[in-house]
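The values are calculated or read from the model by the stated rules, or taken from the named source; none is laboratory data. What you see is a predicted model; the values in this text were computed from it and never measured. Cβ: placed from backbone, ideal geometry, glycine included. Neighbour counts: every protein chain shown. Calculation scope for accessible area: heavy atoms of the full protein, side chains included, ligands and nucleic acids excluded. Shrake-Rupley method; radii C 1.70, N 1.55, O 1.52, S 1.80 Å.
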Amino acid sequence: MRTVYFVTRRPNSEFVGAWTLGEIRARLASGELRAALFATESDGRSFSRFQRSGAQARWRTLAELLEEPPSPVHPETARPPGPGRWLSSYFIGGGASWLLLVVGQFVAALACIAVPIGVVYQLGQLSEAEQVIERAGRAGDTRVGQAAAGISVARGAVVVAGVLAFCVNAALLIVFKRANTLAQIAADQDADNEQVWHAIADLRSRVTPAPSGRQDAEPGAAPGTAD
C-alpha cells in the first residue's frame, strides 16, 4: 500500500490536493506543482477532518520530501497473529485454563475415590437396617416382608448409582487429563510459532529496499479532495 500525501500551500492550511509520491514527482516535472509547497502523510481521513483534529504532522516542502530516502521495512509487517489465532486461545486462555483443568482433574479424581467409599458406607447402613428388620421378624412383626423388599431395592439403587457416578467421574478425569495435555501442546506450539514470527520480523527489519530513483505515478489516479 503506497503512502498518500496532503499537499498544501502552508503547513496545515490552504489545501492543494492529495497524491502519492510518484504523482507528486510527475506533477512537479510538468510544472503543475511547485517545490516550495508543503506535504505530510495522510492518515486516511479527508484533509478537513485531518486539519480539525489537530494531529501532529511532520510538514516539509516537496523538495525536502523528494530528497528523503525510502522508508525501511518495519518489523510490524511481520507481526505475529492476533490472540484469536493462537492455538491456546481455544482453551479459555492463559493461566485460567491451566487452573480450571487442574481443579477439574482434582475434583474428578477425588470423586472417583469418594464414590466407592460412599457406596460401601451406604451398603453397610442397609445391612444394619436389614439386621434390625430380621430381629423384628423374629419378634412377629408383620411388616417385615415389606421392609425387607425395600432394603433390597435400596441396595440395588445404591449400587447402580455408585457405578454410574464412578464411570462419569472416571470419564471426566480422562477428559480433563486429555484437555490439559492438549492445552500444554498448544501453548508449546504457540511459543514456537511466536519465535518463528519474531525471527521473520528480525530478518525483514534487516532488509532495506534499494532506492528505485523514481516512482511511477498510477495512470488515471485522481487527486484527493477536501470535505
Compute, for the stretch 4-58, the length of the dipole vector about the Cα centre, with Cβ point charges of +1 (Lys, Arg) and -1 (Asp, Glu) only. Units Debye, rounded to 20. 140
Given backbone amide H placed at 1.01 Å from N, residues whose amide H is under 5 Å from that of VAL4, ignoring those fewer than 5 places away on the same chain, are SER42
Multiplying the sequence separation of GLU41 and LEU100 by 0.36 nm and subtracting their Cα-Cα distance, what value in nm do you get? 16.3 nm
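Taking only protein heavy atoms and a 1.4 Å probe, what accessible area per residue, in Å², does the stretch 4-58 have with all protein chains in place? Mind dumping the intermediate values first?
Values: 2950 Å² over 55 residues.
Counting only protein heavy atoms, the per-residue value for the stretch 4-58 is 54 Å².
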For the ranges 125-134, 31-40, what's the packing order if you count other beta-carbon atoms within 10 Å of each residue, average per peptide, and put the highest first? 31-40, 125-134
For the stretch 43-51, in order, what is each residue's ³J(HN,Hα) by Karplus, 6.51 cos²θ - 1.76 cosθ + 1.60 with θ = phi - 60°, in whole Hz (x at glycine and Pro)? 9, x, 8, 5, 5, 4, 5, 4, 5
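As an exercise, use a Förster radius of 25 Å and the Cβ-Cβ distance of GLN131 and ALA161 to find the FRET efficiency, rounded to the nearest 0.05. Present the calculation step by step, with values, prior to reporting the outcome.
Numbers: r = 23 Å, r/R0 = 0.91.
The value I calculate is 0.65.
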Phi-derived 3J(HN,Hα) across the stretch 6-22 with the Karplus relation (6.51, -1.76, 1.60, θ = phi - 60°), rounded Hz, x for Gly and Pro, is 7, 10, 9, 7, 10, x, 6, 7, 6, 4, 10, x, 10, 9, 7, 4, x
Whole-Hz Karplus ³J(HN,Hα) for the stretch 100-105, in order, using 6.51 cos²θ - 1.76 cosθ + 1.60 and θ = phi - 60°, x for Gly and Pro? 5, 5, 5, 4, x, 4
Name the residues whose placed amide hydrogens come within less than 5 Å of the amide hydrogen of VAL16, ignoring near sequence neighbours (fewer than 5 apart) on the same chain. VAL7, THR8, ARG9
If each of GLU64 and ALA171 carries a label point 7 Å out from its Cα toward its Cβ, how far apart are those two points in nm? 7.3
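What is the extension gain from VAL144 to ILE113, computed as 0.36 nm multiplied by their sequence separation minus the C-alpha to C-alpha distance, in nm to one decimal?
Working: separation 31, 0.36 × 31 = 11.16 nm, distance 3.48 nm.
Here the answer is 7.7 nm.
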Between the residues LEU37, GLY22, GLY54, the Cα farthest towards the positive end of the dipole of the stretch 4-58, that dipole coming from +1 and -1 charges on the beta-carbon of Lys, Arg, Asp and Glu, is from GLY54
With all protein chains present, the stretch 4-58 has a carbon and sulfur share of its accessible area (1.4 Å probe) in percent of 46
What is the set of long-range amide H partners of ARG60 at a cut-off below 5 Å, with H atoms built 1.01 Å from backbone N? ALA39
Restricting to Cα pairs below 8 Å that are 6+ residues apart, what does the relative contact order work out to for the stretch 4-58? Please round to a whole percent. 38
